[in-house]
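Working notes, beginning with the structure itself.
Please treat every number below as a calculation from the coordinates, not as lab data. The shown structure was predicted, so the numbers you read here are calculated from the model rather than taken from an experiment. Note: ideal-geometry Cβ built from the backbone for every residue, glycine included; neighbour counts use all protein chains shown.
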Amino acid sequence: MWRMLVIAVAVAACGGKTGNYKVDYAGPIQIQLMNQTSRPIDKIFIFPRGEANRGGSWTTIAPGGSTTVKLKEGMFELVAVSAKRRIDNRWVETPESSTLLELREDLASTPRKLIFHDEGSTPMGVDQPGTLGVTFMIGKPEPVKPEGEGEPSVEPAPQAP
């Protein structure tokens with residue numbers, strides 16, 4: 001028993017990974033996440049670039065709200081999962097957006113603010129230095145066809161001579 005405890009402490013002390021990305025990749029680089037959509041963002045995954053496992057969600061963000069996360073230097077992928085939305089009376093979608101982040105303390109272009117927004121409604125400030133816009137692609141409702149339009153026409157069979 002003591003041997004296992006000593007090994008676990010030694011691995012943790014040497015910088016071993018816990019498997020919890022929120023702990024493993026915490027660091028001094030502070031990033032503000034802002035939700036400029038009309039829906040809550042239910043999950044935000046931040047994980048090393050190329051990793052198959054997204055890990056657990058770091059946070060949620062209410063519509064119009066913001067939160068801050070702290071990361072260490074490195075290459076990361078960020079995936080945001082929005083709340084479900086109804087497109088029309090037939091379809092529902094769960095919008096997702098993603099981006100790649102290169103975080104370095106000495107790099108002036110390292111984003112310090114990420115603004116989540118819907119396609120077609122880019123908020124002010126997205127083009128500021130140190131700011132990155134992350135867009136949710138939103139489905140459009142299918143156009144309503146007038147009665148009888150779009151249905152195949154049935155032509156009468158030709159008469160024999």
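A few points about this structure:
- Candidates are the residues of the stretch 102-138 that are in contact (Cβ under 8 Å) with a residue 40 or more places away in the chain, among the hydrophobic types (A, V, I, L, M, F, W, C) and outside any loop (DSSP other than H, G, I, E, B); the one that is nearest to residue 29 (Cα to Cα) is 103.
- Residue, nearest to residue 138 (Cα to Cα), within the stretch 30-55, restricted to residues that are of a type outside the set (Val, Ile, Thr) and in contact with a Lys or Arg (Cβ under 7 Å, 6 or more places away or on another chain): 39
- Pairs with Cβ under 8 Å, 6+ apart, first in the stretch 65-79 and farther than 13 Å from residue 26 by Cα, second in a strand (DSSP E or B) and among the β-branched types (Val, Ile, Thr): 67/61; 77/46; 77/99; 78/44; 78/46; 78/99; 78/134; 79/44
- Exactly one residue out of 115, 87 is over 26 Å from residue 20 (Cα atoms) and surrounded by 10 or more Cβ atoms within 10 Å (Cβ to Cβ): that is 87.
- Summed over the stretch 64-84, the residues that are hydroxyl-bearing (Ser, Thr, Tyr) and loosely packed, with under 13 Cβ neighbours inside 10 Å give a count of 1.
- Identity of the residue in the stretch 90-101, part of a loop (DSSP other than H, G, I, E, B) and not hydroxyl-bearing (Ser, Thr, Tyr), that ends up surrounded by the most Cβ atoms within 10 Å (Cβ to Cβ): 95
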